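Student: Please read through the structure below; I'll follow up with questions.
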């Protein structure tokens, strides 16, 4: 009587007492293939050849030269890849006492796929100054949005700040509770308490996203 493998993978395992059955053999081969690292010429070829993937399937994409795992209804790069963007130009500083998004052209927005852990580190680095008065502040910060189901925005948690002087710094924050496979966008922001572009300045801004295990 046919049984299953000894590793609890539900793979059909014919016994010597079974009659020869080519269909049973093919079923065993298919079951083994689905649990192997499958190889495809590209993501498009994978999507065509594997129209109904199952959670935990793993594939190698030759054209993209990467390994992907199917989790939570989406293909996720493994290991998760870090994403980094750099500030291109400064903010206009035409608003005070409010937090404003940088334009995507001024500071490109990192976009990443939430890893299986549902966690990711976000690091912001910049040189910030606001010399309008001795107590004038400036912030360089970020918020997270996308397919999160919510928008994460917390100036004091994610931001770098200077008051009446120049500060060069970095801050690393962990995002948690992400749904694996979701697309997340990190949007850089600025905030000044007073002043204009003649007194406020942000230089060498960087955003680094590192999916966490």
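Student: Quick one: in the range 78-95, of everything that is surrounded by 15 or more Cβ atoms within 10 Å (Cβ to Cβ) and at pLDDT 95 or above, which residue is farthest from the chain's Cα centre (by Cα)?
Tutor: Looking at the filtered set, the residue picked out is 93.
Student: Can you tell me which residue among 148, 207, 178, 203 is closer than 19 Å to residue 83 by Cβ and at pLDDT 95 or above?
Tutor: 207
Student: Could you tell me whether the range 34-54 includes any residue that is at pLDDT below 70 and surrounded by 12 or more Cβ atoms within 10 Å (Cβ to Cβ)? Before you say what the answer is, go through the steps one by one.
Tutor: Going through the range 34-54, the residues at pLDDT below 70 turn out to be 34-35.
Among the residues that remain, those that are also surrounded by 12 or more Cβ atoms within 10 Å (Cβ to Cβ) are: 34-35.
Yes, some residue in the range 34-54 is at pLDDT below 70 and surrounded by 12 or more Cβ atoms within 10 Å (Cβ to Cβ).
Student: Of all residues being over 13 Å from residue 127 (Cβ atoms) and surrounded by 13 or more Cβ atoms within 10 Å (Cβ to Cβ) in the range 155-174, which is nearest to the chain's Cα centre (by Cα)? Just the residue, please.
Tutor: From the range 155-174, those over 13 Å from residue 127 (Cβ atoms) are 155-159, 163-164, 171-174; that's our starting set.
Retained after the next criterion (residues that are surrounded by 13 or more Cβ atoms within 10 Å (Cβ to Cβ)): 155, 158-159, 163-164, 171, 173.
On the way: 155: 20, 158: 17, 159: 19, 163: 32, 164: 35, 171: 18, 173: 14 Å.
Result: 173.
Student: Which residues, taken from the range 181-194, are at pLDDT 90 or above and surrounded by 19 or more Cβ atoms within 10 Å (Cβ to Cβ)? Break it down stepwise before answering.
Tutor: Residues of the range 181-194 that are at pLDDT 90 or above, as a first pass: 184-194.
Residues satisfying the conditions are 184, 186, 187, 188, 189, 190, 191, 192.
Student: Somewhere in the range 108-125, is a residue surrounded by fewer than 19 Cβ atoms within 10 Å (Cβ to Cβ) and more than 21 Å from the chain's Cα centre (by Cα)?
Tutor: No, because not a single residue in the range 108-125 is surrounded by fewer than 19 Cβ atoms within 10 Å (Cβ to Cβ) and more than 21 Å from the chain's Cα centre (by Cα).
The values are calculated or read from the model by the stated rules, or taken from the named source; none is laboratory data. Model, not experiment: these values are computed from the prediction. Every residue, glycine among them, receives a Cβ derived from its backbone with ideal geometry; neighbour counts consider all protein chains shown.
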